[in-house]
Amino acid sequence: MLPRNLLQRTIVLPDMDDKHDQRDEVQALRQTAWRSWTLGGSAIALAGAALFNRSRSKKAERDRPPIGDFVEVDGVRLHYLDRGSGPPLVLLHGNGATIEDYLLSGLIDEAAAHYRVIAFDRPGFGYSERPRSTIWSPSAQAELIFKALMQLDVERPIVLGHSWGTLAALAMALDHPEEIAALVLLAGYYFPTARPDAALLSPPAIPVIGDILRYTVSPLAGRVMAPTMFASMFSPDVVPANIGQWPLDMALRPSQIRAAAADTALMIPAASELSERYGELSLPIIIVGGVGDKIAHFSDQSAALHGTIASSELVTVAGAGHMVHYTAPERVMVAIDRARTLGSGGANTRAEDDLVHPPGSSAIL
């Protein structure tokens, strides 16, 4: 038996496993705290981004109020601009754009001197509505706009589409072949091809996740990416000086980001579906393509469509990119006038022009 004084001096050493447990517990607490701070900081940042984007969206709408009128079709309100007089010419803009794209390019003013120009904000863009209950394929958009034209007493128009808008123009002609006089198609996407940008730009259309993105991150990313995107759209042309007036803040509103993302997601399957019906088309079609187009490659799209549709003519724009209505407005007006002649039953003759390829010809560049 140990003496009492020795017992009093005895130190009970802690078990080594207890030390490890304490260190693990401290580490777990630190990780939990770090996660909490990170999540909390992210939530604050996202909330701040959402408030900032909401403020920019409201300011964009104050700065750019509606410039046209409204027509309601099947419960959907469409914004449109109606200018000039003469044969009706309907303008359908590309993805992410609005009526103002055609104003800024000067096409509306130029065409309105000779035509009654009706330019629409497609569903979800500008001030046109886009109910989430509908899948707004090119055919669905074309049908809505066609009904609007009937309400506006527009008969047998020439329909001009740019980029994604060409799909809606083609769908309208396929579904109402007797009611459309002619098509003018600018820098369109007509056949399914690999498009890496489709995967990058489609996520804001995904329910829930996309809603978070388009109210927080997407508008900020779009603002940063805008100069690069404009350069790509205009290349090999230079970006025009007046592009600073392009309605970027309107395009970066959450509602329009969703519309653009949805159109992007629908683009390849829509081109695949519509391309199976191109053989049905027999109305005059004037195709305008920039040979240097980096968005809808000329040989894969414009030239290929000309080779597919017997009633088409092809206007090539050497050295031009995707935005031919900005960089070659005179070519676009030639195409519109040509569509007017053919659509009204004019003789199948044309002005001598080595950049215009008549029906049945091949595009020799």
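The values are calculated or read from the model by the stated rules, or taken from the named source; none is laboratory data. Predicted, not measured: the structure shown is a model, and the values here were computed from it. All Cβ positions, glycine included, derive from the backbone under ideal geometry; neighbour counts span all protein chains shown. Side chains included, ligands, DNA and RNA excluded: accessible areas come from the protein's heavy atoms. Shrake-Rupley method; radii C 1.70, N 1.55, O 1.52, S 1.80 Å.
Within the range 300-316, restricting attention to residues that are aliphatic (A, V, I, L, M) and open to solvent by 10 Å² or more (accessible area, probe 1.4 Å), the residue that is nearest to residue 236 (Cα to Cα) is 303. Scanning the range 215-233 for residues that are more than 25 Å from residue 317 (Cα to Cα) and surrounded by 18 or more Cβ atoms within 10 Å (Cβ to Cβ) turns up 215, 216, 218, 219, 222.
Here residue 241 fulfils each of the conditions (1) surrounded by fewer than 17 Cβ atoms within 10 Å (Cβ to Cβ); (2) touching a residue at least 40 places away in the same chain (Cβ under 8 Å); (3) closer than 19 Å to residue 321 by Cα apart from (2). Quick check on this structure: which one of 254, 207, 236 is open to solvent by 40 Å² or more (accessible area, probe 1.4 Å) and out of contact with any Gly (no Cβ under 7 Å at 6 or more places or on another chain)? Result of the check over 254, 207, 236: 207. Filtering 170, 160, 183, 174 for residues that are in contact with a Lys or Arg (Cβ under 8 Å, 6 or more places away or on another chain) and open to solvent by less than 40 Å² (accessible area, probe 1.4 Å) leaves a single hit, 174.
Looking at this structure, is residue 194 modelled with pLDDT under 90 and not in a helix (DSSP H, G or I)? Considered against the rule, which asks whether it is modelled with pLDDT under 90 and not in a helix (DSSP H, G or I), residue 194 comes out as yes. In the range 123-149, the residues that are under 22 Å from residue 67 (Cβ atoms) and in contact (Cβ under 8 Å) with a residue 12 or more places away in the chain form Cβ pairs under 8 Å with partners that are among the aromatic types (Phe, Trp, Tyr) and in a loop (DSSP other than H, G, I, E, B), at six or more places apart or across chains, as follows: 123/136; 124/136; 130/136. With respect to the conditions (1) farther than 27 Å from residue 176 by Cβ; (2) open to solvent by 30 Å² or more (accessible area, probe 1.4 Å); (3) at pLDDT 95 or above, residue 279 lacks only one, and its number is (1). Here 122, 77 are screened, and the one residue that is surrounded by fewer than 24 Cβ atoms within 10 Å (Cβ to Cβ) and not hydroxyl-bearing (Ser, Thr, Tyr) is 77.
Checking every residue in the range 279-298 against the condition of being in a helix (DSSP H, G or I) and free of Cβ contacts under 8 Å to residues at least 24 places away in the same chain gives zero matches.
Residue 90 meets each of the listed conditions (1) farther than 21 Å from residue 256 by Cα; (2) touching a Pro at 6+ places or on another chain (Cβ under 6 Å); (3) open to solvent by 10 Å² or more (accessible area, probe 1.4 Å) apart from (3). Which condition from (1) open to solvent by 40 Å² or more (accessible area, probe 1.4 Å); (2) in a helix (DSSP H, G or I); (3) β-branched (Val, Ile, Thr) is the one that residue 134 breaks? Only one criterion is unmet by residue 134, namely (2). For the range 302-347, filtering for residues that are touching a residue at least 24 places away in the same chain (Cβ under 8 Å) and outside any helix (DSSP H, G or I) leaves 17.
For the range 147-182, what are the residues that are under 12 Å from residue 91 (Cβ atoms) and assigned to a strand (DSSP E or B)? Answer for the range 147-182, where residues must be under 12 Å from residue 91 (Cβ atoms) and assigned to a strand (DSSP E or B): 158, 159, 160, 161, 162. Candidates in the range 107-122 are the residues that are over 20 Å from the mean Cα position of the chain (by Cα) and outside any helix (DSSP H, G or I); of these, the one that is nearest to residue 69 (Cα to Cα) is 117.
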